[in-house]
Amino acid sequence: MASEVKTGDQRGFSLSQLPLTERHVGFLSILPVILLYLVISIIPVGYAVYTSLHEVSLAAQTWPFVGLQNYVEVFQIDRFWESLIRGVVFMVGSTILQLIVGLWMAMTLNRINRAQRLITAVVFTSYLIPTIVVTLLATFMLSPSFGVIQEIGANWLGLWSPNDAPLGQRSLAMPLLILIGTWKFSVFITIFTLAQLRSIPSRFYEAARVCGANKWEMFRDVTLPRIQGVILVAVLLRSIFMFNKFDLIWTLTQGGPGSATTTLPVLAYIEGFQNFNLGLANALAVVMFVFLAIGGIAYFKAFNPSSEVET
């Protein structure tokens, strides 16, 4: 038994009070998690930082140390700032649309009474579909020859020429990527929000109804305050995921047409695996990590979503 230690007004357990065997068991129980995190996170990040400080050549047996030269070169690349702006546009546009669609689906599923579990499972299926399947389906639907979206957009609405592929047009490529990503990933917001919605006691709504509140007032005063924290956390996660998104963009446009959809992950891939400048590519990855870390810290400082989540 661990002895209870009192410090001020707080009561807790001291790890040093545990018998030696119990401390060993506790350490061994978390050792697999530590090793897994070390293998999949700490070592790759450390290796990326190490590589970014060298001039990496696949043909050379040794890599000359260049210090911060790769980082200086990153900020001197004209495409870096353009790619950063495109990445922010893709991240913000995708996150906003996913938030709107995800909230709408969560509110709708929460109000369904019949076959709720079946309909919820069907909706959640879209999140389980591999991204490559989604991109192949989108490519088929946007095909100039027989795509249904091509037929509606070109022939019915006249948004573009019937002979043109919409993903091949600079003005349409990014909005279409955002729409396709929204269809695939909006359910992420739905999962978070729906779980919190179903935890709200029905008596809150009954009391509000007795007081004469309408649907909007019940949403504003009862629902929104209780899902706000979950929404803030979900928005942060979606922003990080979409800023780092590579597979969706690469399989649909490969950063084109031209560089219209080249974001930082795509630029890092091009520098590393097409231009074979692995030192610069890893420097790009490290810079992306720093930007995300700064953005995440600023987000938590501004909103503090963890304090809003009811446990």
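The table below lists the values:
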read-out	value
Net charge of neighbours whose Cβ lies under 15 Å from the Cβ of Glu271, counting Lys and Arg as +1 and Asp and Glu as -1	-3
Mean accessible surface per residue for the chain, computed with a 1.4 Å probe while every protein chain stays in place, in Å²	60 Å²
Inter-label distance for Arg117 and Met141, nm, one decimal - labels placed 7 Å from Cα along Cα-to-Cβ	3.0 nm
Nonlocal amide H pairs with His54, under 5 Å, H built at 1.01 Å	Val66
Magnitude of the charge dipole, the range 159-311, Cβ model with Lys/Arg +1 and Asp/Glu -1, debye to 20	320 debye
Mean separation of Cα contacts under 8 Å, 6 or more apart, over the residue count of the chain: relative contact order %	25 percent
Cut-off 14 Å between beta-carbons: net charge of the residues surrounding Arg79, Lys and Arg +1, Asp and Glu -1	-3
Separation between Cα centres of the range 31-84 and the range 239-310, rounded to whole Å	14 Å
Sequence of Leu194, Leu28 when ordered by accessible area, the most exposed leading, probe 1.4 angstrom	Leu28, Leu194
For Tyr71, solvent-accessible area (1.4 Å; no DNA, RNA or ligand), Å²	40 Å²
Dipole of the chain, positive direction: furthest Cα of Val230, Phe75, Pro175, with charges on the beta-carbon	Val230
With every protein chain in place, the chain: carbon and sulfur % of accessible area (1.4 Å)	67 percent
In nm, spacing of pseudo-spin labels at Trp104 and Trp216 (7 Å Cα→C-beta vector)	1.8 nm
Space enclosed by the convex hull of the alpha-carbon atoms of the range 222-285, per residue, Å³	97 Å³
Listed residues Val187, Leu284, Gly158: farthest to the positive end of the dipole of the chain (Cβ charges)	Val187
Neighbourhood net charge (15 Å Cβ-Cβ; Lys/Arg +1, Asp/Glu -1) for Gly93	+4
Cα Rg over Rh - the range 152-311, Kirkwood	1.12
Cα Rg, Dmax, the range 61-170, angstrom units	21.6, 66
Additional length obtainable on full extension of the chain from Ser199 to Phe27, 0.36 nm per residue less Cα span	58.5 nm
Peptides 246-255, 110-119, 183-192, 152-161 ordered by average Cβ neighbours within 10 Å, highest first	183-192, 246-255, 152-161, 110-119
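The values are calculated or read from the model by the stated rules, or taken from the named source; none is laboratory data. Since the structure is predicted, the reported quantities are computational estimates derived from the model, not experimental observations. All Cβ positions, even for glycine, are placed from backbone atoms using ideal geometry, and neighbour counts span all protein chains on display. Ligands, DNA and RNA are stripped out before the accessible areas are found, and what is left, the full protein with its side chains, is counted by its heavy atoms. Shrake-Rupley method; radii C 1.70, N 1.55, O 1.52, S 1.80 Å.
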